[in-house]
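Novice: Please read through the structure below; I'll follow up with questions.
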Amino acid sequence: RAPAAAQLKLGKKVNEGKTKEVYELPEIPGCVLMQSKDQITAGNAARKDRMEGKAAISNTTTSCVFQLLQEAGIKTAFVRKHSDTAFVAAHCEMIPIEWVCRRIATGSFLKRNPGVKEGYKFYPPKIEMFYKDDANNDPQWSEEQLIEAKFCFAGLTIGQTEVDIMARSTQAIFEILEKSWQPQNCTLVDLKIEFGVNILTKEIVLADVIDNDSWRLWPAGDRSQQKDKQSYRDLKEVTPEALQMVKRNFEWVAERVELLLKTKSQGRVVVLMGSPSDLSHCEKIKKACATFGIPCELRVTSAHKGPDETLRIKAEYEGDGVPTVFVAVAGRSNGLGPVMSGNTAYPVLNCPPLSADWGAQDVWSSLRLPSGLGCATTLSPEGAAQFAAQVFGLNNHLVWAKLRSSMLNTWISLKQADKKLRECTL
């Protein structure tokens, strides 16, 4: 186990930026300490000021955002919050590119694209990259420039596959944070992030920080209420009063970012099985629900042999106010799903455990239904859990984030499998 917060021994300083310092941690191999500073800067440090408490505000913000993304399944360098002003991260060799993702055109995009009005919306969100080079004001780069640079970090060469993975990840990370801010009635306008190569796993991970300097955040979609670092960039002159206003904005964000880890929306899956012999099929559904953080209850009831009991169980779950998706698991003739579907306004999903001998015939009892019934059918227990997650994901950003992240990770693993296969063939 890693040593407790108080006694972390700092090794040598690996790096120092405008707003943070990075130290090696001799007691935790492969990890570093990211220490924030009470410093706020703009325009590549053309303007910079000391802001009391900024380190703690940034550290809270970045720790919450990374925790949210990590719990969703995004690969990040974040390990844990260490103190008010520092967190422990996996040691990465940083890729010197700022990846920017925009939903709404504003800021530098308008200068670089004359004729586009502020507020223009990008569907899908727009991805841009900028090479980190203060002397040249971080020039915009194309994919081709990045590939031709032939960068190599921690033994990983940055080629087409790596660029594609970072671009895809940038979009997914933006979409997850955009969705997470919506319940707070906040519009995430744009976001800038950086990736690194984890020196131990050689994987590309989201690294550096995501704090109030990393995005534009407009409450109720109204630019005049902006709460991000733009409020500091826009100051005509920096007075103590003006800095107080900027600090209040930063505190506002740090308070609300903790709410991103919670959701008010409830939901549960209730699996009804026609007989206890279907238990192993149902356990797979329950296990898959758990990966989405969705509670799942298992019940035994037969619509053929005890319809009164089936309807009583249904009424129990309809009456307590928790949004519910019913999954009917019945082999042979599935009366359970259709009977439930005809008697509840809640969604019902059939997930019949088909046998090899009669499965092709039995499945029709789930597919050919009387009129007025709307139950869907999926054969895979994991698919049933995923369908339920998609229903709850409409109102629950934490479930939605897991779905979005899972899509990204599947895409990345296919991409990497293809790269590996081609390397073997060559």
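Novice: On C-alpha positions alone, give me the angle between the axis of helix 307-318 and the longest principal axis of the chain, in degrees, nearest 10.
Specialist: Relative to the chain, helix 307-318 is tipped by roughly 20 degrees.
Novice: Also, I was wondering about something else. Using label points projected 7 Å from each Cα along Cα→Cβ, tell me how many nm separate N44 and W411, to one decimal.
Specialist: Between N44 and W411, the simple spin-label model gives 3.2 nm.
Novice: Now for a separate question. Show me the chymotrypsin sites (Phe, Trp or Tyr not before Pro) within the range 326-395 that DSSP assigns to loop and that have at most 16 other Cβ atoms within 10 Å of their Cβ.
Specialist: W358
Novice: Now a separate question. Dipole magnitude of the chain about its Cα centre, charges +1 at Lys/Arg Cβ and -1 at Asp/Glu Cβ only, in debye to the nearest 20?
Specialist: Charge dipole of the chain: 220 debye, to the nearest 20.
Novice: Continuing with the same structure: Pick out, in residue order, every one of the chymotrypsin sites (Phe, Trp or Tyr not before Pro) in the range 250-317 that is DSSP loop and has at most 14 other C-beta atoms within 10 Å; say none if there are none.
Specialist: The qualifying sites: there are none.
Novice: Can I ask one more? Once amide H atoms are built 1.01 Å from N in the peptide plane, which residues 5 or more positions from R47, or in another chain, come under 5 Å H to H?
Specialist: Long-range HN contacts for R47: A42.
Novice: Moving on to the next point. Can you compute the charge dipole magnitude of the range 378-426 about its Cα centre, using +1 on each Lys and Arg Cβ and -1 on each Asp and Glu Cβ, nothing else charged? Give it in debye, rounded to the nearest 20.
Specialist: Charge dipole of the range 378-426: 180 debye, to the nearest 20.
Novice: Additional query: Please give the helix 54-72 orientation as an angle from the longest Cα principal axis of the chain, in degrees from 0 to 90, rounded to the nearest 10.
Specialist: Between helix and principal axis, roughly 30 degrees.
Novice: Net charge near A385, counting Lys/Arg +1 and Asp/Glu -1 over other residues with Cβ under 14 Å of its Cβ?
Specialist: Working: positive: R268, K284, K286, K287, K402; negative: E283, E297, E382.
My count for the surroundings of A385 gives +2.
Novice: Here is a further query. Pairing rule first: another cysteine's C-beta must sit under 4.7 Å. Under that rule, which cysteines of the chain stay single?
Specialist: C31, C64, C92, C101, C152, C186, C282, C351, C375, C424
Novice: Need one number: nm distance between label points at A154 and R248, each 7 Å from Cα along Cα→Cβ, rounded to one decimal.
Specialist: If labels sit at A154 and R248, their model points lie 4.2 nm apart.
Novice: How much of the DSSP bridge set in the chain is antiparallel, in percent, rounded to the nearest 5?
Specialist: The antiparallel proportion sits near 75 percent.
Novice: Suppose we flag GluC sites (Glu not before Pro) only when DSSP calls them loop and at most 14 other Cβ atoms lie within 10 Å. Which is the longest uninterrupted stretch of the chain?
Specialist: Counting only loop sites that pass the neighbour cut-off, the longest clear stretch is 238-426.
Novice: In nm, to one decimal, how far is the S142 label point from the R299 one, both placed 7 Å along Cα→Cβ?
Specialist: For the pair S142/R299, the computed spacing is 6.1 nm.
Novice: For the charge dipole of the range 1-152, defined by +1 on Lys and Arg C-beta atoms and -1 on Asp and Glu C-beta atoms about the Cα centroid, which residue among A135, A46, G17 has the Cα displaced farthest towards the positive pole?
Specialist: Of A135, A46, G17, it is A46.
Novice: Starting from the Cα of K402, draw a straight line to each of the aspartates and glutamates and keep only those under 13 Å, dropping any in the same chain fewer than 8 residues away.
Specialist: E71, E175
Novice: Pairing the Cα long axis of helix 240-257 with the longest principal axis of the chain, what angle in degrees results, from 0 to 90 and rounded to the nearest 10?
Specialist: For 240-257 against the chain, the angle is about 20 degrees.
Novice: Right, another one. Going toward the positive end of the dipole of the chain, with +1 on Lys and Arg Cβ and -1 on Asp and Glu Cβ, which of P29, T60, A90 do you reach last?
Specialist: Result: T60, furthest along the dipole toward the positive end.
Novice: Give me the net charge of D84's neighbourhood, meaning all other residues with Cβ under 12 Å from the Cβ of D84; Lys, Arg count +1, Asp, Glu -1. Working shown, then result.
Specialist: Details: positive: K54, K81; negative: D38.
Every neighbour counted, the sum reads +1.
Novice: If you don't mind, there's one more thing I want to ask. Quickly estimate the mean residue ellipticity at 222 nm for the chain, helices only: each DSSP H run with n ≥ 4 gives -39500 (n - 2.57), and the total goes over all residues, rounded to 500.
Specialist: Result for the chain, helices only: -11500 deg cm²/dmol.
Novice: Still on this model: R0 = 45 Å: FRET efficiency of V238 with Q182, Cβ-based, nearest 0.05?
Specialist: Step by step, r from the Cβ atoms, then E = 0.85.
Novice: While we're on this one: For the range 142-159 and the range 81-123, what is the separation of their Cα centres, given in Å?
Specialist: Distance between centres, Cα-based: 20 Å.
Novice: Please give the residues of the range 335-361, grouped as numeric ranges, whose backbone N is less than 13 Å from a label point set 7 Å along the Cα-to-Cβ vector of R368.
Specialist: 361
Novice: Give the carbon-plus-sulfur fraction of the accessible surface of the chain in %, rounded to a whole number; probe 1.4 Å, heavy atoms of protein chains only.
Specialist: 52 percent
Novice: Identify the trypsin sites (Lys or Arg not before Pro) of the range 324-414 meeting these criteria: DSSP loop state and at most 11 other C-beta atoms within 10 Å of the C-beta.
Specialist: R368
Novice: If the elastic network links every pair of Cα atoms under 10 Å, which of Y23, Y123, Y232 fluctuates the most in the Gaussian network model of the chain?
Specialist: The residue that fluctuates most here is Y123.
Novice: What percentages make up the Cα-Cα pair-distance distribution of the chain when the bins are 10 Å wide from 0?
Specialist: 4, 18, 25, 21, 16, 11, 5, 1, 0
The values are calculated or read from the model by the stated rules, or taken from the named source; none is laboratory data. Everything numeric in this text was worked out from a predicted model, so none of it was measured. Every residue, glycine among them, receives a Cβ derived from its backbone with ideal geometry; neighbour counts consider all protein chains shown. To get the accessible areas, we keep the full protein, side chains included, count just its heavy atoms, and leave off ligands, DNA and RNA. Shrake-Rupley method; radii C 1.70, N 1.55, O 1.52, S 1.80 Å.
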